[in-house]
Amino acid sequence: MELIERIPYVTAFSAPSGKARIDLYKKAVGKKEPLQWLKVVKSCWLRREERSGGVEGTLEGEYGNRAKRLLHAELAEALGIGEEEVEPFIERYLKENI
């Protein structure tokens with residue numbers, strides 16, 4: 001639950017260029033660290049929101065989706081729920097507890 005409780009406070013990656021940002025994503029996704037996966041997911045989500053739902057870069061989307069799958073798998077196992085239940089669980093938990 002600690003990781004879920006930290007979601008609103010986790011900072012997104014900041015990089016001077018698209019290539020640098022993709023390099024950060026690549027390194028983060030390659031680690032077995034759920035906090036790093038969360039940072040990738042949050043970074044991609046924030047960038048997509050900044051573009052008002054516009055098209056995200058192919059690599060950015062791939063790393064964001066990969067990080068999301070890894071994070072959901074890890075949380076599903078820890079919580080004893082299905083991966084498809086993770087996102088609704090997080091939303092409900094944050095709404096009720098944060």
### Summary
All-but-one check, residue 44 against (1) modelled with pLDDT of 95 or more; (2) closer than 13 Å to residue 12 by Cβ; (3) out of contact with any Leu (no Cβ under 9 Å at 6 or more places or on another chain), failing number (1)
### Message
Checking the structure you have, find out if any residue of the stretch 55-73 is within 21 Å of residue 98 (Cα to Cα), out of contact with any Pro (no Cβ under 9 Å at 6 or more places or on another chain) and assigned to a helix (DSSP H, G or I).
### Response
yes
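Hey, can you tell me all the residues within the stretch 22-54 that are in a helix (DSSP H, G or I), small (Gly, Ala, Ser) and over 20 Å from residue 4 (Cβ atoms)? Quick ask: steps written out before the conclusion?
Of the residues in the stretch 22-54, the ones in a helix (DSSP H, G or I) are 22-30, 34-50.
Those left that are additionally small (Gly, Ala, Ser): 28, 30, 43.
The answer is 30, and nothing else.
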### Task
Would you mind telling me which numbered condition in (1) part of a loop (DSSP other than H, G, I, E, B); (2) exposed (fewer than 14 other Cβ atoms within 10 Å of the Cβ) residue 12 fails?
(2)
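The values are calculated or read from the model by the stated rules, or taken from the named source; none is laboratory data. Note that this is a predicted model, so its numbers are computed, not measured. Glycine also receives a Cβ, built like all others from the backbone with ideal geometry; neighbour counts cover every protein chain displayed.
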